């Protein structure tokens, strides 16, 4: 934690943070901010903060805080000026998927700021200029001018935009609009979430608004495919289209589904479905003060519905086949029956679990006081898909759904069984920051929440408090361990032996479950104007002591008892196994002795067996010899011997002929050698013939010489 504290201190000591605090003091921001905001945004390791007093965006690269970057020539923040600064109060920053556009929006309008390119020595914006003028576009200005009574509730970039330039926003009068920033005043699609058209007059209040049934927020779910009707399939090449459902929550807790389309030339017009049935039903419809909704997962979709009382409902979206749902959505189906595409399937919400957040640190003795309520905003985690964060006036909570991965695995894999679903697995809630420890404490809302995800910086939750101080908290390592540890039974294909499926969960997981905390002591970050009496300080101390006693000491005692029990069991098992090993050694010695005895007996039996075989053969020979009749083998042998005798006579005659011919040939060879010897010359004769031939050769050479001489003379 020392490195984290140093990082937080270094960040808060930066010049741009000091300037933000000075501007906040000039603008009296602590008095204006009564609800949580989203004035910060984080893209990897880049921090963006909106300065409400100067109406510009501040950019700072968090890598500049690292020790190896301390010697850079310049590590100051950069100011992004708006070419068309928003005239309304900016409350939230929302980046698109590619990080090239950021939406600055509040209750009164939307402005899109186009970020400059990153280049330069340290990949800074526009090479590291101190101030950069950026192009800004006002979105749907005509719409907000004509609907002044409707406040902007939610702005999201559309996930189905191929160019990443489409955005959708929801207003309190029940209008869901989709715009392309390339055509900022022309809507691509407009959906009236309520069944009736909203009033255009600002002075006229709708019945839904009067009853507190205005729309509060929405979130996009995974896309679905719509098939074309048979009457239109022949006239078009597209047999299906993709639509993105938008889950809209109302203040009374009702959930509706509106379908947006960006791929078709003419958007598919499907009336919103709803209100969706929630199972099991509740008398209060799971709260009548819903404030926000968040969509997690893909198959199946999990919706998180938050209420101002601090309750969170985790609902699974599943197809509905009940007659009640068919009746409630008849008006939706009839409205879409004239379309060339089939209507979307009816769905219902199945509440998996509900959890209540601890907004203030009051103890049970103070339950008689008035309950504290505030709007809660839900933020998806940029690193883990099964995490989300809750920001509100009283601080920050982080919620983890460890059963979401098991549920998705069950839905994707057809070979899984119902027993593979997580059993008695609850969500994990961590209270990270508390800005309102007591009911009497002044409000100190959170102004920004973001997850820093950078290899060199690590993974941190960066929070901006109302006094413009950044608080960085590392994500819980214990929670990561629980989520990364596989649950027994979730991977049945990896189990080779059927006996292993009967094994219980590992002991370290059992201890981790015992030590799991349901409540924590958050970081206190209340307003500077807060002052507590001795009694209130004692209440906080009592609550903190109670949490440490219940969540730490008692659970550690239970874990100690489980470990001691486990040690006793393992000791008994070890003693039994050692006794079994000794018995096995004795059995092995006895088996070895028995094997030696059996080997000796086998050798004796083998010798006796050979002796008996020899005696049997001798008896058989004697019996056969005394038999007066020749056996078939003997008769065959007799015939063979007779045939061999005849062949021997033939061989003798042939051999006599060969010897006679050999003698004759020998005599002839000797006679020819004698005749050849009688006709040969003697050595003396050979020498005389040789001398005569030499003399004649010399005479011939002399005659040739004379002839040649005569030819020469005649020529002269």
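The values are calculated or read from the model by the stated rules, or taken from the named source; none is laboratory data. What you see is a predicted model; the values in this text were computed from it and never measured. Neighbour counts are summed over all protein chains in view; Cβ atoms, including those assigned to glycine, are modelled from backbone coordinates with ideal geometry.
Output the residue which, of all residues in region 18-56 that are surrounded by 20 or more Cβ atoms within 10 Å (Cβ to Cβ) and farther than 22 Å from residue 101 by Cβ, is modelled with the lowest pLDDT.
29
May I ask you to list the residues in region 148-160 that are out of contact with any strand residue (DSSP E or B) (no Cβ under 8 Å at 6 or more places or on another chain) and buried (at least 17 other Cβ atoms within 10 Å of the Cβ)?
Answer for region 148-160, where residues must be out of contact with any strand residue (DSSP E or B) (no Cβ under 8 Å at 6 or more places or on another chain) and buried (at least 17 other Cβ atoms within 10 Å of the Cβ): just 149.
Just one of (1) in contact with a strand residue (DSSP E or B) (Cβ under 9 Å, 6 or more places away or on another chain); (2) farther than 30 Å from residue 433 by Cα trips up residue 610, so point out which.
With (1) in contact with a strand residue (DSSP E or B) (Cβ under 9 Å, 6 or more places away or on another chain); (2) farther than 30 Å from residue 433 by Cα applied to residue 610, the lone miss is (1).
Looking at region 386-394, can you tell me whether even one residue there is under 19 Å from the mean Cα position of the chain (by Cα) and in a loop (DSSP other than H, G, I, E, B)?
Looking through region 386-394, at least one residue is under 19 Å from the mean Cα position of the chain (by Cα) and in a loop (DSSP other than H, G, I, E, B).
Hey, does region 587-602 have a residue that's over 60 Å from the mean Cα position of the chain (by Cα) and outside any helix (DSSP H, G or I)?
no
Could you say which residue among 327, 299 is under 23 Å from residue 426 (Cα atoms), out of contact with any strand residue (DSSP E or B) (no Cβ under 7 Å at 6 or more places or on another chain) and at pLDDT below 85?
Step by step, each of 327, 299 is checked, and only 299 is under 23 Å from residue 426 (Cα atoms), out of contact with any strand residue (DSSP E or B) (no Cβ under 7 Å at 6 or more places or on another chain) and at pLDDT below 85.
Report, by residue number, each residue of region 1-17 that is at pLDDT below 80 and not in a helix (DSSP H, G or I).
Listed by number, the list holds a single entry, 1.
Name the residue that is farthest from the chain's Cα centre (by Cα), counting only residues in region 276-299 that are surrounded by 18 or more Cβ atoms within 10 Å (Cβ to Cβ) and assigned to a loop (DSSP other than H, G, I, E, B).
Step by step, filter region 276-299, then rank; the result is 287.
Looking only at region 263-274, which residues are surrounded by 18 or more Cβ atoms within 10 Å (Cβ to Cβ), part of a loop (DSSP other than H, G, I, E, B) and in contact with a strand residue (DSSP E or B) (Cβ under 7 Å, 6 or more places away or on another chain)?
Listed by number, the residues that qualify are 267, 268, 270, 272, 274.
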